[in-house]
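Taking it in order: structure first as structure tokens, then the write-up.
The values are calculated or read from the model by the stated rules, or taken from the named source; none is laboratory data. The shown structure was predicted, so the numbers you read here are calculated from the model rather than taken from an experiment. Positions of Cβ are generated from backbone atoms using ideal geometry, with glycine treated the same way; all protein chains shown enter the neighbour counts.
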Amino acid sequence: MDPAQFFAASRVLIVAGKGGVGKSTVSAALARTAARAGLSTLVVEIEGKSGIGSLFGRPAFGYEEVVLHPGGGPEGSADVRARVLTPDDALVEYLEDHGLHRVTRRLMSGGALDVVATAAPGIRDILVLGKVKQLERAGVADLIVLDAPAAGHAISFLRSARGLVDTARVGPINTQAADVLEMLTDPERCQVVLVTLPEETPVNELVDTAFSLEDEIGVSLGPVVVNGVYPPLPGLDADPAAVATAAGLAVAPGELAAMAAAADFRRERTRLQGDQLDRLAKSLPLPQLPLPYLFSTDLGPDHLEALADALGEGIGALDAIPGP
Amino acid sequence: MTSGPAAHPPADDPLGRMLDAHSVVICTGSGGVGKTTTAAVLAMEAAHRGRRACVVTIDPARRLADAMGLAGLTDTPALVEGPWPGELWAMMLDTKSTFDALVATHAADPEQAAAILENRFYRNISGSLSGTQEYMAMEKLYELHTEERFDLVVVDTPPTRNALDFLEAPRRLTRFLDHRLYRLLVSPTRGLVRAVNLAAQTFLRTVSRVVGTEVVHDAIGFFAAFDGMEAGFRERAAAVVELLADPTTAFVLVTAPRADVVEEATFFADKLADAGLEVRALIVNRVHPDFSGQTLGHVVRRAEALAGTPLAPFAANLADFAAVAATEEGHLEGLTGRVAPAPVVRVPFLDSDVHDLGGLDRIAAHLFPDAAERSG
């Protein structure tokens with residue numbers, strides 16, 4: 001399907017996955033792909049320190065919105081902007097909006113915030129999501145990409161709306177939670193994109209998370225992004241020593257042995273990854289968007305463009321999503 | 001025996017000597033770097049070395065938990081049977097029951113304990129107060145250490161994004177319990193001066209408006225019931241902090257060779273240093289093998305020279321991995337310098353995930369010469 005159509009399907013994409021699967025990288029790549037398709041995109045980060053800035057060749061950013069990648073140019077892409085939204089910022093902002101005076105604000109040092117947040121668990125999460133909902137409603141961008149907390153926490157993060165609708169039965173928090181829940185469960189407003197690696201434990205956790213999110217919260221799940229898939233490299237099946245002999249190439253035995261070991265490693269890992277991808281497809285009836293392993297652990301703007309290419313291709317290969 | 005990269009553990013066995021010389025080992029690092037597995041491997045190796053070891057884990061992957069007999073078992077160490085002269089015990093931390101026990105210990109009488117345990121605000125603390133899980137991990141560690149049932153307790157820390165949480169957890173919780181707000185909340189029964197009370201009332205009204213009066217009522221009930229227990233909690237927290245600084249406690253930093261993770265590990269090493277604590281060892285998991293042993297420039301030039309020949313894909317593949325190995329080493333350089341003279345031990349990418357004791361053995365072979373010998 002056409003990327004522009006894919007990203008226009010819902011206003012908010014929540015990107016979730018276990019720590020270490022490259023959730024922030026995927027958030028950045030999704031944002032860039034959407035912007036290339038002409039959608040202005042805002043990346044919202046919860047925890048800070050994600051390194052999303054450096055993927056765009058920019059410094060780290062904070063609460064103030066920044067432009068990570070200006071639009072325009074021959075391809076006619078749109079802006080990618082970004083900001084951090086911490087739960088404490090959201091809580092203070094919310095309390096201030098609800099009539100905290102200067103006197104009482106003095107009480108709101110870190111510990112007092114903890115008391116409020118402990119009194120009503122999930123309040124921090126709901127305020128972050130409430131703020132995202134507010135940004136969505138205000139139409140600050142065509143697409144908001146939310147880099148969610150790591151997997152175990154992602155469930156409680158999204159579950160907070162359901163929980164608070166029940167516990168805070170009246171008052172502004174209840175309204176807030178109900179509004180957030182409405183957004184989360186409306187596929188035309190919000191979808192969750194889960195990220196994993198093609199490895200056993202991350203795949204297991206992703207499958208569990210997917211079912212919990214659908215059953216308990218009722219969010220709509222977009223395609224699964226599988227990060228770090230070895231790109232195919234044909235021609236590694238033979239024995240390099242035999243290949244060298246047949247081609248009449250004089251290559252040192254040590255170098256041939258290194259070539260053979262590296263080829264074995266790649267073949268073996270490619271096979272293991274394939275097994276995990278199959279298992280994921282069997283356990284979870286969601287389309288997969290593979291992202292290539294880039295043979296670098298130091299990702300920058302060039303890598304981001306390569307990932308956006310791959311996402312664009314993967315999305316292009318998806319069938320049109322039938323309506324909900 | 002499953003195949004895999006050949007094991008080359010450091011010959012002078014720094015990790016083995018570390019296990020022998022300490023009674024507490026704390027594994028720390030960001031989420032997803034194999035911290036839980038590493039903690040289990042260290043405890044198992046200690047058992048091989050004849051020690052009575054217990055590993056306390058926070059959130060093990062299900063199959064590893066099953067393999068260690070941890071399924072459905074919380075807060076009680078379970079004996080793991082195996083071919084070692086020592087003992088291996090494993091325990092999954094349950095934040096809530098650890099906290100409950102702590103309340104019971106410090107309460108003046110069973111009534112006070114019951115009043116707290118039944119309070120809804122208290123029940124929220126274990127689930128939502130930041131730092132509670134970290135604090136309880138340290139509390140459990142302290143408890144197991146002082147019981148003297150074990151020669152060595154290895155603890156896996158929660159995958160907190162913010163390393164500060166872990167070191168400051170004990171202080172954070174006592175600060176919370178000690179907070180001015182606490183006094184303000186219980187002040188209606190204590191007759192504080194009217195000015196303070198007014199501010200408190202304004203605050204409470206605002207909070208009530210936001211979260212509901214019922215919720216505020218629970219909080220006041222909790223702090224009233226907790227009255228008198230702060231001192232006990234504070235003392236205990238001080239004892240835990242002291243244990244962390246004890247020379248028989250070792251911090252092991254676990255990382256993967258990725259830029260973002262190394263950055264967090266470096267930040268953590270700095271925080272430990274600020275607290276006067278040393279990193280005793282750095283374990284780097286999931287290291288890509290360096291197949292060529294040549295410089296990246298050399299391997300790339302060879303790939304260019306062989307382009308267009310039938311060996312081209314092999315040379316290109318070798319160059320790909322040489323590039324990965326070079327960037328990984330580049331990332332680690334600053335960190336290894338930062339934790340020096342702590343030994344740095346690398347564990348290569350394994351063929352499959354670890355979910356049984358055999359898998360732990362395979363990792364141990366990369367960390368300890370004895371283990372490499374056992375696995376042949």
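Picking from residues in the stretch A:249-307 that are among the acidic types (D, E) and farther than 20 Å from A:N227 by Cβ, the one that is nearest to the chain's Cα centre (by Cα) is A:D264. Restricting attention to the stretch A:299-324 and to residues that are closer than 23 Å to B:A322 by Cβ and not in a helix (DSSP H, G or I), the residue that is nearest to the other protein chains (Cβ to nearest Cβ) turns out to be A:L299.
Could you tell me whether A:V203 is more than 11 Å from every other protein chain (Cβ to nearest Cβ) and aliphatic (A, V, I, L, M)? Criteria not met by A:V203. For the stretch B:289-301, the set of residues classified as more than 7 Å from chain A (Cβ to nearest Cβ) and either buried (at least 20 other Cβ atoms within 10 Å of the Cβ) or touching a strand residue (DSSP E or B) at 6+ places or on another chain (Cβ under 8 Å) (or both) consists of B:V299 only. Scanning the stretch A:21-43 for residues that are surrounded by fewer than 24 Cβ atoms within 10 Å (Cβ to Cβ) and not small (G, A, S) yields A:L39, A:L42. When A:S296, A:S283 are checked against the criterion of being among the hydroxyl-bearing types (S, T, Y) and away from chain B (no Cβ under 11 Å), A:S283 stands alone in meeting it.
Of everything in the stretch A:33-61, what is closer than 23 Å to A:E313 by Cα and within 14 Å of chain B (Cβ to nearest Cβ)? Give them in sequence order. Residues satisfying the conditions are A:I52, A:L55. Taking the criterion of being outside any helix (DSSP H, G or I) and touching a Pro at 6+ places or on another chain (Cβ under 9 Å), the residues of the stretch A:79-95 that qualify are A:D79, A:V80.
All told, A:K18 falls short of being out of contact with any Pro (no Cβ under 7 Å at 6 or more places or on another chain), buried (at least 23 other Cβ atoms within 10 Å of the Cβ) and among the basic types (K, R).
Can you find a residue in the stretch B:73-93 that is in a helix (DSSP H, G or I), surrounded by 20 or more Cβ atoms within 10 Å (Cβ to Cβ) and either among the hydroxyl-bearing types (S, T, Y) or in contact with a helix residue (DSSP H, G or I) (Cβ under 6 Å, 6 or more places away or on another chain) (or both)? Taking every residue of the stretch B:73-93 in turn, none turns out to be in a helix (DSSP H, G or I), surrounded by 20 or more Cβ atoms within 10 Å (Cβ to Cβ) and either among the hydroxyl-bearing types (S, T, Y) or in contact with a helix residue (DSSP H, G or I) (Cβ under 6 Å, 6 or more places away or on another chain) (or both). All conditions but one from (1) at positive phi; (2) part of a helix (DSSP H, G or I) apply to B:F267; the one that does not is (1).
Residues being within 11 Å of another protein chain (Cβ to nearest Cβ), touching a strand residue (DSSP E or B) at 6+ places or on another chain (Cβ under 7 Å) and small (G, A, S): count how many of those fall in the stretch B:302-346. Adding up the residues that qualify gives 0. Looking across the stretch B:204-258 at every residue that is within 14 Å of another protein chain (Cβ to nearest Cβ) and assigned to a loop (DSSP other than H, G, I, E, B), the one that is farthest from B:V344 (Cα to Cα) is identified as B:G212. For B:F121, the conditions (1) farther than 27 Å from B:E235 by Cβ; (2) aromatic (F, W, Y); (3) assigned to a helix (DSSP H, G or I) all hold with the exception of (1). Of all residues in the stretch A:1-32, those satisfying the criterion of being over 18 Å from A:L318 (Cα atoms) and of a type in the set (V, I, T) are A:V12, A:I14, A:V15, A:V21, A:T25. On the given criteria, is A:L30 assigned to a strand (DSSP E or B) and away from chain B (no Cβ under 14 Å)? For A:L30, the condition - assigned to a strand (DSSP E or B) and away from chain B (no Cβ under 14 Å) - is not met. The residue list B:L244, B:L253 contains one member that is in contact with a strand residue (DSSP E or B) (Cβ under 7 Å, 6 or more places away or on another chain) and modelled with pLDDT of 70 or more, which is B:L253.
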